[in-house]
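The structure appears right after this line, and notes come after that.
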Amino acid sequence: MLQKEIQIAVEKGDMLPLMEEFYTIQGEGYHTGTAAYFIRIGGCDVGCHWCDVKESWNAELHPPTSTDVIVANAKQYAETVVVTGGEPLTWDMAPLTAKLKAENLRVHIETSGAYPVSGHWDWFCLSPKKTKLPVQEAYDIAHELKVIIHNKHDFIFAEEQAARTNDKAILFLQPEWSKKEEMTPLIIDYVMNNPKWRISLQTHKYLNIP
């Protein structure tokens, strides 16, 4: 395929810059402990300094891959697929999610919500970042709000984000991994005093799995 054709296919969402794909146990948030096939899409300019997959930021490092190939791989393994990044909503997710749904797969996304929403999602996990706040639609449709706690001010940010999110969203606070020893006790106290929140941990890191 010629370079221009590839570029057009990527712009349409028929090809996506695929960083990695793997079958594992969901480690975070509402679906912690459940089996899922992860599709990690390259490309992100939100720029969180504590991001643990900074190698995903430059989309040009990750080969444009046909959504047909991605779906064929996913359906071999799991009933649930999690699309993550990077920032997957940088790209048009409609073709990918349509093909995944056609295979009767449940389709989840983990996103900062910083870009217009595309695709059809069974579960929309919104994890807002201060550097580039979500679009309103992301707040409106989120099933889950997951705020990363890196310092004490992040509790204020979490409440600001919860106030903008629909009232059916399940609210999670998650310690940033490098600060977990310091922040986890504060999160425990906060959730006990503000029980609308739940605690999310990166259990996959404790389990030493992807």
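In whole angstrom, how far apart do the alpha carbon centroids of the stretch 23-48 and the stretch 90-111 sit? Computed from Cα coordinates, the inter-centre distance equals 14 Å.
Taking the convex hull of the alpha carbon positions in the chain and averaging its projected area over all directions gives 11.2 nm².
GNM remark for the chain: springs join alpha carbons under 10 Å apart, and the peak mean-square fluctuation among ALA158, ALA102, ALA78 falls on ALA102. Each Lys and Arg Cβ is given +1 and each Asp and Glu Cβ -1; about its Cα centre, the chain then shows a dipole of about 280 debye. A straight chain from ASN166 to HIS153 at 0.36 nm per residue would run longer than the Cα-Cα distance by 2.4 nm.
The simple Förster model, with R0 at 45 Å and r as the Cβ-Cβ distance, assigns GLN3 and ASP189 a FRET efficiency of 0.25. Placing pseudo-labels 7 Å out from each Cα toward the beta carbon at ALA98 and LYS130 gives an inter-label distance of 4.0 nm.
Full extension of the chain segment joining ALA35 with GLU55 gains 4.8 nm, where the gain is 0.36 nm per residue of separation less the Cα-Cα distance. For GLU20 and HIS120, the difference between the fully extended length at 0.36 nm per residue and the C-alpha to C-alpha distance is 33.9 nm. If both residues of a DSSP beta bridge must be in the chain, then about 30% of such bridges are antiparallel. Taking the chain as a Gaussian network, Cα atoms linked when under 10 Å apart, which of PRO17, PRO88, PRO116 shows the biggest mean-square fluctuation? Between PRO17, PRO88, PRO116, it is PRO116 that shows the largest mean-square fluctuation.
All of the numbers you see were taken from the coordinates with simple rules; none came from a lab. The shown structure was predicted, so the numbers you read here are calculated from the model rather than taken from an experiment. Quick reminder, even Gly has a Cβ in these numbers, built from the backbone with ideal geometry, and neighbours come from all protein chains shown.
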